[in-house]
């Protein structure tokens, strides 16, 4: 295969299509960087329909960027629709333990009933905030979690899009699901019409340099076929519910960014100059009003009982 056409990082297929250049960004995990990170290009797999950023940084570089990120960057909003759906799924099932991979400051786990034992995995400094809320941080990374540990539900919320090797990552998470338990993933949906057919590499979700892997339903179906897991539920949803005026603003901002990322950043720098002095100034800007489109998915995968 020509080196200019990378294989799909999710399913390994050599059939991929270039979706365009992703704009550079100097904002990572809530911090302004001293120099922008190259955006690379967005690629779409014609086999599993997933998308991915290529090329990407070395894993050690990503870990360093996350560790120096803002501790409150991963706090969950109270109006998030995906979290509401996941909580309703858990409420309909009797569980006694939950592991949240990439738990951030622990907002989601803290919202669950007190009868559920709460555990988290978090590589960033936000893990210290979760610990103060009574959440047991069992490891900084998934592969450091005790091999014998099992949980009734393992949640992966806003995490898999950050992972260079989603297939291996899911396998590791699945080993910690108790027989009959659930693995729940919430992430962007590259099958969404506005993303796949219209905006492609200039879609807001792609503009975050932390986001590098975008698994589609086809990938999860292949993964379940290999592992024996069963997709019990799948929901297509907005990230959060917006009021009409904010929804209209989100559409306008996304359209402006798509028309010209360079002009969008120029306007952003102009507005940023009006802020109080002394704060780091960004040079690149991208849209970010989650909930503007139905562009997220939630998958509930059950592990068969022995």
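The values are calculated or read from the model by the stated rules, or taken from the named source; none is laboratory data. Nothing here was measured: the structure is a model prediction, and the numbers come from that model. Every residue, glycine among them, receives a Cβ derived from its backbone with ideal geometry; neighbour counts consider all protein chains shown.
Here are a few things to note about the model shown:
- Residue within the stretch 221-238 that is touching a helix residue (DSSP H, G or I) at 6+ places or on another chain (Cβ under 8 Å) and within 22 Å of residue 120 (Cα to Cα) present: no
- Check on residue 155, outside any helix (DSSP H, G or I) and either in contact with a strand residue (DSSP E or B) (Cβ under 7 Å, 6 or more places away or on another chain) or surrounded by fewer than 22 Cβ atoms within 10 Å (Cβ to Cβ) (or both): yes
- Scan of the stretch 29-53 for residues that are in contact with a strand residue (DSSP E or B) (Cβ under 8 Å, 6 or more places away or on another chain) and either surrounded by 21 or more Cβ atoms within 10 Å (Cβ to Cβ) or farther than 19 Å from residue 286 by Cα (or both), ordered by number: 42, 43, 44, 45, 46, 50, 51, 52, 53
- Residues considered: 282, 269, 275. Of these, the only one that is modelled with pLDDT under 95 and surrounded by 16 or more Cβ atoms within 10 Å (Cβ to Cβ) is 282.
- Checked against (1) modelled with pLDDT of 95 or more; (2) under 24 Å from residue 93 (Cα atoms), residue 207 passes all but condition (2).
- Any chance residue 99 is over 24 Å from residue 68 (Cβ atoms) and either under 19 Å from the mean Cα position of the chain (by Cα) or exposed (fewer than 15 other Cβ atoms within 10 Å of the Cβ) (or both): yes
- Subset of the stretch 102-115 that is in contact (Cβ under 8 Å) with a residue 24 or more places away in the chain and part of a loop (DSSP other than H, G, I, E, B) - its residue that is farthest from residue 30 (Cα to Cα): 112
- Of the residues 261, 244, the single one that is within 28 Å of residue 189 (Cβ to Cβ), out of contact with any strand residue (DSSP E or B) (no Cβ under 7 Å at 6 or more places or on another chain) and crowded, with 19+ Cβ neighbours inside 10 Å is 261.
- Matching residues in the stretch 43-101 - criterion: being assigned to a loop (DSSP other than H, G, I, E, B), closer than 30 Å to residue 6 by Cα and at pLDDT 90 or above: 46, 47, 48, 49, 50, 55, 56, 57, 58
- Of the listed requirements (1) touching a helix residue (DSSP H, G or I) at 6+ places or on another chain (Cβ under 8 Å); (2) assigned to a helix (DSSP H, G or I); (3) under 22 Å from residue 79 (Cβ atoms), residue 211 misses just one: (2).
- Pick from the stretch 214-239, criterion at negative phi and part of a loop (DSSP other than H, G, I, E, B), ranking: surrounded by the most Cβ atoms within 10 Å (Cβ to Cβ): 215
- Of the residues making up the stretch 117-131, just one is surrounded by fewer than 17 Cβ atoms within 10 Å (Cβ to Cβ) and touching a helix residue (DSSP H, G or I) at 6+ places or on another chain (Cβ under 8 Å), namely 128.
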